[in-house]
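Just below is one structure, and these are the notes that go with it.
The values are calculated or read from the model by the stated rules, or taken from the named source; none is laboratory data. Model, not experiment: these values are computed from the prediction. Cβ coordinates were reconstructed from backbone atoms using ideal geometry, including for glycine residues, and neighbour counts include every protein chain displayed.
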Amino acid sequence: MIKKQSSNYRWYVLALTGLTYAVIAGASRLCMPVLFPEISIELDLSPTAFGTIWGMDPLAGVFVGLPAGLLGDRFGVKRTLTVLCILAGIFGALRGFSVDFFTMALTMFLFGIMAAAVPSIVPKAAAEWFAGERLALANGLLMIMWSLGAMAATMFSAAFLSPAFGGWQNVLFFYGAPAVALGLLWLFTGRDPGRSSPPTDSLSVEEPSGSTVPFRQAFSRVIRIKEVWIIGIVTLSNWGASMGLIGYLPYYLENHIGWSKVAAGSTITVLSGMTLLGSIPMALLSDKLKTRKGVLMISIVALVFCSFLLPYLNDTGIWLLIIFSSFLRAGAGSLFNVMIFEIKGIGGTYGGTAIGLASSISMIGAFIAPPVGNSLDSFGPEWPFIFWGILAAVGIPILMLVKTGKQSG
């Protein structure tokens with residue numbers, strides 16, 4: 001009976017974890033690219049300026065990614081996400097009080113401290129409650145939830161919520177409420193594996209097996225594993241290119257190509273939607289082929305081609321490129337996490353710290369790539385895309401150096 005209750009409860013944990021991912025890393029974060037054209041006019045921001053603001057979120061992650069993973073491993077998912085969700089709601093709403101570049105950059109940094117911590121902690125919940133072949137599926141489902149949050153934000157924030165609520169400021173206030181509500185749900189209904197029920201005689205790989213470990217033990221163990229560093233460098237190039245492209249694309253289409261606000265913002269919605277549709281198939285493909293690395297290689301190549309080709313296509317070509325490349329890229333986020341958990345000696349126990357370290361490294365790219373790419377707009381609107389394509393391509397030979405578990409390929 002205990003096993004049955006635990007088995008049922010883990011799906012609730014996965015749903016609650018997915019909602020956290022959807023609201024904070026999805027909706028509250030991805031509402032910004034479609035609001036940037038409106039914000040840049042009101043606050044008189046150049047492409048380089050709003051690219052810098054967009055990069056403040058991952059800049060915070062450079063400093064918080066590893067500590068967040070350590071906190072998750074030390075205090076457990078429930079307590080960590082309770083505090084994180086409440087603060088994310090407060091800091092996210094503070095962005096609505098911005099009056100110039102400095103205040104917007106500052107509030108984006110504060111929100112980024114919370115948002116950038118989410119990828120370090122959320123996958124740990126999946127790893128603790130799911131294992132074996134279902135780990136890729138659980139992470140794929142988390143990516144679907146993220147995609148739903150991102151789609152909702154990019155579809156409605158600029159086109160409907162901003163006019164209905166009287167401006168972008170009130171949209172940012174609006175997104176603060178669900179995050180605080182999730183924090184309360186974690187406080188009153190969440191629990192960590194190992195604390196939820198007495199131990200059973202034998203624990204299968206599908207049963208929760210979470211534990212807490214001291215900071216020093218987790219840090220000293222993870223810091224010596226080179227595969228974690230290599231994956232961090234690959235995600236630095238991959239996420240840097242992706243963040244730059246997502247932040248610039250609506251502005252490029254609206255200001256350089258002449259698309260309407262709704263059409264330009266819809267490209268990010270479609271991008272998120274194809275990520276939703278492709279997350280499970282790409283995760284299952286990695287199980288079927290027994291290679292995480294091979295599927296990730298497809299994902300990175302798709303990003304490279306999307307970046308290089310996009311500025312040279314007509315309207316129809318842009319839509320087709322976004323649709324197909326986004327589907328192929330769908331598995332990247334979850335599979336990078338799965339690869340880390342499958343590294344020998346990591347697992348669910350040290351997964352938060354390992355993902356936190358890789359996340360901190362990747363945030364460097366996500367911070368630098370948007371403003372550097374946007375600054376190239378002055379040389380021609382195609383140059384930001386070329387820069388991000390080259391950056392993504394750098395990760396291909398580095399990925400080949402990764403040696404992880406039996407399915408990593």
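If you check Leu335, Leu376, Leu391, which single one turns out to be among the aliphatic types (A, V, I, L, M), at pLDDT below 90 and out of contact with any strand residue (DSSP E or B) (no Cβ under 7 Å at 6 or more places or on another chain)? Steps first, answer last, please.
Details: Leu376 fails: at pLDDT below 90; Leu391 fails: at pLDDT below 90.
Checking each option against the conditions leaves just Leu335.
Hey, among Ser120, Ser157, which residue is at pLDDT 80 or above and crowded, with 22+ Cβ neighbours inside 10 Å?
Ser157
Of all residues in region 270-279, those being within 20 Å of Asn314 (Cβ to Cβ) and either buried (at least 22 other Cβ atoms within 10 Å of the Cβ) or basic (Lys, Arg) (or both) number 1.
Summed over region 211-244, residues that are modelled with pLDDT under 75 and either basic (Lys, Arg) or surrounded by fewer than 13 Cβ atoms within 10 Å (Cβ to Cβ) (or both) total 2. Please work out which residue is surrounded by the most Cβ atoms within 10 Å (Cβ to Cβ), limiting yourself to region 291-327 and to residues that are touching a Phe, Trp or Tyr at 6+ places or on another chain (Cβ under 9 Å) and among the polar types (S, T, N, Q). So the residue we want is Ser307. Of the listed requirements (1) closer than 19 Å to Asp57 by Cα; (2) touching a residue at least 12 places away in the same chain (Cβ under 8 Å); (3) part of a helix (DSSP H, G or I), Lys124 misses just one: (1). Only one of the numbered conditions (1) modelled with pLDDT of 85 or more; (2) closer than 22 Å to Thr291 by Cβ; (3) in a loop (DSSP other than H, G, I, E, B) is not met by Pro381, and that is (2). Of the residues examined, Ala366 is not one that is within 13 Å of Ile231 (Cβ to Cβ) and modelled with pLDDT under 90.
The C-beta contact set for region 48-72 (first residue closer than 26 Å to Glu128 by Cβ, second residue of a type in the set (D, E, K, R) and in a helix (DSSP H, G or I), distance under 6 angstrom, 6+ apart or interchain) comprises Gly72/Lys124.
In region 338-350, the condition of being farther than 21 Å from Thr275 by Cα and hydroxyl-bearing (Ser, Thr, Tyr) is met by at least one residue.
The set of residues in region 176-210 being outside any helix (DSSP H, G or I) and at pLDDT 75 or above consists of Gly190, Arg191. The selection criterion, being among the hydroxyl-bearing types (Ser, Thr, Tyr) and modelled with pLDDT under 85, holds for Thr349. Contact annotation: residue pairs with Cβ atoms under 6 Å, 6 or more positions apart or on different chains, pairing a residue in region 160-177 that is under 23 Å from Thr20 (Cβ atoms) with a partner that is in a helix (DSSP H, G or I) and β-branched (Val, Ile, Thr), are Leu161/Val171. Restricting attention to region 282-297, the residues that are aliphatic (A, V, I, L, M) and over 19 Å from the mean Cα position of the chain (by Cα) total 3. If you go through region 166-192, how many residues are loosely packed, with under 15 Cβ neighbours inside 10 Å and β-branched (Val, Ile, Thr)? Residues in region 166-192 being loosely packed, with under 15 Cβ neighbours inside 10 Å and β-branched (Val, Ile, Thr): 1 in total.
Having 3 or more residues that are among the β-branched types (Val, Ile, Thr) and more than 20 Å from Tyr251 (Cα to Cα) is the bar; report the helices (runs of 4 or more DSSP H) wholly within region 1-105 that clear it.
Numbers: elements: 2-20, 29-43, 47-75, 77-94.
Here the list reads 2-20, 77-94.
In region 217-232, the residues that are within 12 Å of Gly351 (Cβ to Cβ) reach residues that are crowded, with 19+ Cβ neighbours inside 10 Å and at pLDDT 85 or above with C-beta atoms within less than 7 angstrom, at least six apart or across chains, in these pairs: Val222/Val228.
Under the condition of being farther than 16 Å from Gly373 by Cβ and either surrounded by 23 or more Cβ atoms within 10 Å (Cβ to Cβ) or under 17 Å from the mean Cα position of the chain (by Cα) (or both), the residues counted in region 40-66 number 7.
For beta carbons closer than 7 Å, sequence separation of 6+ or different chains, a first residue in region 340-369 that is within 14 Å of Ser220 (Cα to Cα) and in a loop (DSSP other than H, G, I, E, B) and a second that is among the charged types (D, E, K, R) and at pLDDT 75 or above, the qualifying pairs are Gly345/Arg221; Tyr350/Arg221.
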